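What follows is one structure encoded as structure tokens, with my remarks underneath.
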Amino acid sequence: MLAIIGGSGLYSLGDDFHLDDQCSRKTPYGETSADVLLGCWQDIEIAFLPRHGAGHSIAPHAVNYRANLWALKQAGVSRIIAVNAVGGISSEMAPATLSIPRQLIDYSSGREHSFCDGRDGLVHHVDFSQPYSATLRASLKQAAARLDLAIVDSGTYGCSNGPRFETAAEIERMRRDGCSIVGMTGMPEAGLAREIDIEYACLALVVNWAAGIADSEISMEEIMVNLEQGIQRLRPLLLATAKLIEA
Ligand code: HPA
């Protein structure tokens, strides 16, 4: 089954999602951000989980990523499309751009980032050279083309810790490192998905220029406007992608 993890601004799949069941929040790793919703989205069986909680009450560094991923796995999820609001660093990542990043660099710290915590007495090392699923990325690209929706089929996601935005120097370092977008929630989510063998891709929506890229300071008003408008374009893309994947 496919799951969608909703980021900032995406707290439901819309009126045409019909709820069949919901899983409790309890896992061996603590509580999930919200109940995992299981249902049908225009005949496609799908799971949905809002990363920041149903009403956006959980900050990026406080999300229980392990519980979220574990609960999705228990619910029978084998593929995840994760939606992330991001800041644009490189010139092709202007606000309102949609991107399917190909790579990521993790600058976050202090987060429970692995299922490998000694509970089973084993140490696992997983390959993470290509952090995102090529198959899911291709489906997102194909669905965007069908909808005639512009999407940047590349990018390197830099994951900062938040919840504050970055300094201009931090963004300049990320740019030199090769990051084209910056967000606060891409990791450890992607790495945890790999550890438990769930295919994972990120659909990033650029909602502002990252710190120091534009002349002005980062404005929450601008972010909210871009978020609202962007989410309207995201839902049809997610649905078209789900139909392609589950066909
Ligand atoms: N930085 C980090 N995370 C973000 C940003 C940003 O500029 N915009 C949206 N999420």
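The values are calculated or read from the model by the stated rules, or taken from the named source; none is laboratory data. Computed from a prediction, not measured in an experiment: that's the story for all the values here. No Cβ is skipped: glycine too gets one built from the backbone with ideal geometry, and neighbour counts run over all protein chains shown. To get the accessible areas, we keep the full protein, side chains included, count just its heavy atoms, and leave off ligands, DNA and RNA. Shrake-Rupley method; radii C 1.70, N 1.55, O 1.52, S 1.80 Å.
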Exercise. Do we find that I5 is in a strand (DSSP E or B), away from the ligand (no atom under 16 Å from the Cβ) and at pLDDT 95 or above in this structure?
Worked result: no
Exercise. How many residues, within segment 194-214, are open to solvent by 70 Å² or more (accessible area, probe 1.4 Å) and away from the ligand (no atom under 16 Å from the Cβ)?
Worked result: 1
Problem set entry | segment 124-178 - residue that is under 27 Å from S109 (Cβ atoms) and of a type in the set (V, I, T) and, of those, nearest to the ligand (Cβ to nearest atom) | I171
Seminar exercise, completed: Checked E228, E217 against criteria (surrounded by fewer than 18 Cβ atoms within 10 Å (Cβ to Cβ) and either more than 15 Å from the ligand (Cβ to nearest atom) or assigned to a helix (DSSP H, G or I) (or both)); the one match is E228
Problem set entry | Where a residue in segment 161-186 is on the phi < 0 side of the Ramachandran plot and open to solvent by 20 Å² or more (accessible area, probe 1.4 Å) and its partner, wherever it lies, is within 12 Å of the ligand (Cβ to nearest atom) and part of a helix (DSSP H, G or I), with Cβ under 8 Å and at least six apart | N161/P60; N161/H61; P163/P60; P163/H61; E166/M174; M184/P60; M184/H61
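Please indicate, with yes or no, whether at least one residue in segment 164-180 is under 17 Å from V83 (Cβ atoms) and within 19 Å of the chain's Cα centre (by Cα).
First pass over segment 164-180, keeping only residues under 17 Å from V83 (Cβ atoms): none.
No, segment 164-180 contains no residue that is under 17 Å from V83 (Cβ atoms) and within 19 Å of the chain's Cα centre (by Cα).
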Exercise. How about segment 179-189: which of its residues are aliphatic (A, V, I, L, M) and either touching a His at 6+ places or on another chain (Cβ under 9 Å) or more than 12 Å from the ligand (Cβ to nearest atom) (or both)?
Worked result: M184, M187
Exercise. So is Q103 in contact with a strand residue (DSSP E or B) (Cβ under 9 Å, 6 or more places away or on another chain), away from the ligand (no atom under 13 Å from the Cβ), at pLDDT 95 or above and more than 24 Å from L10 (Cβ to Cβ) or not?
Worked result: no
